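Trainee: First the structure, then my questions, so here it is.
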Amino acid sequence: MKASRPLWIAALLLVGAAGAFWGAGSVPIALLSLASVAAVVALSGTARRILGALLVVVGIAGAFSGHWLAIAGGVLVVASGVLQAVFGARMPKIGVGGQKARPRDPETDMWRALERGDDPTDDTLAGGPVSNE
């Protein structure tokens, strides 16, 4: 299984749980589920696994209201928490892993120097030798 797939499954389970809790009238738990989506995406490693364990507890507690939608929401939160607890260390952190360092392009550097108002042909700006004329 691809490493990012459990992350998106966990996030979608929390969105579904938020809808279920909202429908059951448990608005605070619905908002907590939505906030957890952002936390799942932002955290990584051990912090994500701890969040998963906390979500299992919240899901079990939220299901005890007795409404069938709250029970469904609790099951979804528990499923998301278990996914995070099991796969949390292997899930990627969004926004960091996909960025690669680009090689420097001399032409782009010259255009940027022109935008700053510098002379791109002047060797002293590029750290080259200084002529004593």
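Values quoted throughout were computed directly from the atomic coordinates according to the rules given, and no laboratory measurement underlies them. Please read these numbers as outputs of a predicted model, since none were measured by experiment. Because the Cβ atoms are built from the backbone with ideal geometry, glycine has one as well, and the counts that use them run over all protein chains shown.
Trainee: Testing ALA35 on (1) closer than 16 Å to LEU76 by Cα; (2) touching a residue at least 40 places away in the same chain (Cβ under 8 Å); (3) surrounded by fewer than 17 Cβ atoms within 10 Å (Cβ to Cβ), one condition comes back false. Which one is that?
Mentor: (2)
Trainee: Also, quick follow-up: Kindly indicate which of ILE50, ILE60 is surrounded by fewer than 17 Cβ atoms within 10 Å (Cβ to Cβ) and either of a type in the set (Lys, Arg) or closer than 19 Å to PRO92 by Cα (or both).
Mentor: ILE50
Trainee: Would you confirm, using the coordinates I've provided, whether ALA89 is buried (at least 17 other Cβ atoms within 10 Å of the Cβ), among the small types (Gly, Ala, Ser), farther than 20 Å from TRP22 by Cβ and touching a Lys or Arg at 6+ places or on another chain (Cβ under 7 Å)?
Mentor: For ALA89, the condition - buried (at least 17 other Cβ atoms within 10 Å of the Cβ), among the small types (Gly, Ala, Ser), farther than 20 Å from TRP22 by Cβ and touching a Lys or Arg at 6+ places or on another chain (Cβ under 7 Å) - is not met.
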